[in-house]
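Please treat every number below as a calculation from the coordinates, not as lab data. Quick caveat: nothing in here was measured; it's all calculated off a predicted structure. Please note: Cβ atoms are built from the backbone with ideal geometry, for glycine as well, and neighbour counts cover all protein chains shown.
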Amino acid sequence: MTLSERQNAALLLENTTARPFVYCRYYFKCFFCREQYSELSVLLEHSSSHVMPDYVTILKELVPKGKRTVKVDISNLKCKICEKNYADLDTVRKHLTVDHEKDFTASGNGVVAYNLTPKNGQFLCHICDKMFQTFILLNRHMNVHFSNAVCETCGAGFMTHQRLIQHKEIHAPGGYPCGKCPKVYTTSSNLKYHVEKSHEGATKMRMLRCPHCPERFTEHFRKLKHLKDSHGVTFTFECDVCKSIFPSRRALTMHTNKFHTKKTQCNICNKSFSCITTLKKHMVSHTGERNFVCRICQKSYRHQKSLKHHLQIHVNGDSNKFFCSECGSGFSNRDDFNEHVKDWHTRCLFDYGAS
């Protein structure tokens, strides 16, 4: 933040009930003592035990030079001077300026506001009323309302320049390889999460807690499954572009990749795919590589799945009369063969007829 933004943030923190917190993607930290929590609600309750210092101390110790924008909860936003309630920071800032003669600069507030009052265990955007399962999704969504920085490569907008810097990692060549296994990640934060989860073990502090019972989970999808199976809580996900509805975040992501971005598009034939893995498999059709070799007859195939189908020939012997020219799968009758070709590679049906 600039000095003027830090001054405005200090005035708001000193004179309102906005509750500051620190978000570290996979956990939260107390703005005052840096104690760490896995649940935001528990952190905010803890933060309430701290007394907000005076303006000079806030400016010097809590929002020092180099400080990023402060995140605050405005679910119970009041003016500390007269106890009046307000719905947003801009309104209470105007009130402090006019009624209490607080000297704000012409710059921004220096804080990002969230209304963290839970609604059925979910997070609500106080600007457009959209619901989100986790804070990370709400936090990402806020870029829609405050695009102060724009990526020159893909045109994506971001709330702060720090978020833009983190986003630019996905456009950098080479990626972020894990030093302990062959996996490569598009961002340093994703690599960090992978190392912690796969190679260092998940800590209890970072486990996800069910909002309805004491159960805890190391992975988000397990928490969602538990909510559905044990508490009957289900979620839907809407595509921001075409408004289609999906039962899971993964299904929405695959849809977005395939139909609304070029992130998983083949640069040779322009065909789009739902994920990077499928795109990589598709690229073999252009390169002609056949890296999967049968150890019995030395025939080679483009995909491991094709090799597995081929191996059935050696297992079943002569019981199969119809063989797929593409993957080597064997079938005892034409109907099964035709169904396989239709599902996996329709062009093989022509190859078989031609032979």
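Projecting label points 7 angstrom from Cα along Cα→Cβ for residue 180 and residue 210 puts them 2.9 nm apart.
So which trypsin sites (Lys or Arg not before Pro) in the range 5-71 are both in a DSSP loop and have at most 12 other Cβ atoms within 10 Å of their Cβ? Counting only loop positions with at most 12 other Cβ atoms within 10 Å, the trypsin sites (Lys or Arg not before Pro) in the range 5-71 are 34, 65. The distance between label points at residue 336 and residue 280 comes to 3.2 nm (points 7 Å beyond Cα on the Cα→Cβ vector).
Proximity of backbone amide H atoms, modeled 1.01 Å from N, is registered between residue 16 and 80 at under 5 Å, excluding neighbours fewer than 5 places apart on the same chain.
By the count of other C-beta atoms within 10 Å, a proxy for reagent exposure, 27, 86 are ordered fewest to most as 27, 86. Using Cβ point charges alone (K and R +1, D and E -1), the dipole size of the range 3-140 about the Cα centre works out to roughly 440 debye. For the range 3-140, the relative contact order is 27 percent, taking Cα pairs closer than 8 Å that sit 6 or more residues apart in sequence and dividing their mean separation by the residue count.
Using a simple spin-label model with pseudo-atoms 7 Å out from Cα toward Cβ, residue 268 and residue 305 lie 1.9 nm apart. Computing FRET efficiency as 1/(1 + (r/R0)^6) for residue 259 and residue 80, where r is the C-beta to C-beta distance and R0 is 41 Å, gives about 0.25. Taking 0.36 nm per residue of sequence separation and removing the Cα-Cα distance, the residue 61/residue 287 pair yields an extension gain of 75.5 nm.
With the cut-off at 18 Å, tell me which of the pairs 29/225; 281/308; 243/271; 130/192; 78/102; 180/223 have Cα atoms farther apart than that. From 29/225; 281/308; 243/271; 130/192; 78/102; 180/223, over 18 Å: 29/225; 243/271; 130/192; 180/223.
Going by how many other beta carbons lie within 10 Å of each one, how would you line up 185, 55, fewest first? Spell out each step's value before the answer.
Numbers: 185 18, 55 15.
Fewest to most other Cβ atoms nearby, the residues stand as 55, 185.
Between residue 42 and residue 105, residue separation times 0.36 nm minus the direct Cα-Cα distance comes to 19.3 nm.
Relative contact order for the range 252-302: 24 percent, from Cα pairs under 8 Å spaced at least 6 residues apart, divided by residue count. Over the range 1-40, Cα pairs under 8 Å with separation of 6+ residues give a relative contact order of 21 percent.
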